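To start, the structure itself, in structure tokens.
The values are calculated or read from the model by the stated rules, or taken from the named source; none is laboratory data. Values in this document were obtained by computation on a predicted structure and should not be read as measured data. Note that each Cβ is placed from the backbone with ideal geometry, even for glycine, and that neighbours are counted across all protein chains shown.
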Amino acid sequence: MNYFELFEIPVSLQVDNNILAKRYFELQKKYHPDFFSQATEYEQADALEQSSQVNKALKVLKNPAETIKYVLQLKGLLEEEEKYQLPPDFLMEVMELNEELSDDSQQQVNELEAAIYEPVKAIIENFNDASTSTEDLLKVKEYYYKKKYLQRILDRIGG
């Protein structure tokens, strides 16, 4: 069972946090180990496992970048520790930005982030599990890796 099935929500690249919170509390009521203190050892272990899965799923689905990564993995388009090759022009731009960190670097990174989001904005916001093409998802994959690069710079400058 994937995280979307666990939370009984449609597969999405942008999860509604209000629905996510509501489902999380419902699942915690259902599986929280404290409610199984009088149950059999097997039922207690199962509740603990289910509760752990719910917590892992929440952590992923609350984080937009992790949600994108998770959906791409579900679709078989992204592997853990994959060595993705980004376009050389993007890498040069990021390298220059990284070498010249200054007071306005945060703004430059934010502008670059907005620029890389624009081509995939409609794909992410209108994602449909049944009809979004692999080609579109591969564009989202490139965005995901570019955003990771930019996040490293933001982390370095404390942004």
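Look at Gln73 and say whether it is without any contact (Cβ under 8 Å) to a residue 40 or more places away in the chain, closer than 14 Å to Asn2 by Cα, outside the structural domain of Tyr144 (by TED's automatic domain parsing) and out of contact with any helix residue (DSSP H, G or I) (no Cβ under 9 Å at 6 or more places or on another chain).
The answer is yes for Gln73.
Kindly list, by first and then second residue, each pair from a residue in region 92-112 that is among the charged types (D, E, K, R) to a residue that is surrounded by 16 or more Cβ atoms within 10 Å (Cβ to Cβ), limited to pairs with Cβ atoms under 8 Å and residues at least 6 apart or on different chains.
Glu93/Leu112
Picking from Leu61, Leu112, Leu91, Leu97, which residue would you name as being touching a Ser or Thr at 6+ places or on another chain (Cβ under 8 Å) and either at pLDDT below 95 or within 24 Å of Ile157 (Cα to Cα) (or both)?
Criteria check complete, one pass: Leu97.
With assigned to a loop (DSSP other than H, G, I, E, B) and under 16 Å from Lys146 (Cα atoms) as the only criterion, which of Lys69, Lys83, Lys121 stands out?
After applying the criteria, what remains is Lys83.
Filter region 141-158 down to residues that are more than 17 Å from Met95 (Cβ to Cβ) and in a helix (DSSP H, G or I) and give me whichever is farthest from the chain's Cα centre (by Cα).
That would be Glu142.
Mind counting the residues in region 1-34 that are of a type in the set (A, V, I, L, M) and either more than 30 Å from Ile123 (Cβ to Cβ) or part of a helix (DSSP H, G or I) (or both)?
5
Quick one: count up the residues across region 124-140 that are crowded, with 19+ Cβ neighbours inside 10 Å and either at pLDDT below 95 or not in a loop (DSSP other than H, G, I, E, B) (or both).
Final tally of qualifying residues: 3.
Just to verify a result, which residue in region 85-106, among those that are surrounded by 10 or more Cβ atoms within 10 Å (Cβ to Cβ) and under 23 Å from the mean Cα position of the chain (by Cα), is farthest from Lys139 (Cα to Cα)?
Looking at residues that are surrounded by 10 or more Cβ atoms within 10 Å (Cβ to Cβ) and under 23 Å from the mean Cα position of the chain (by Cα), I get Gln106.
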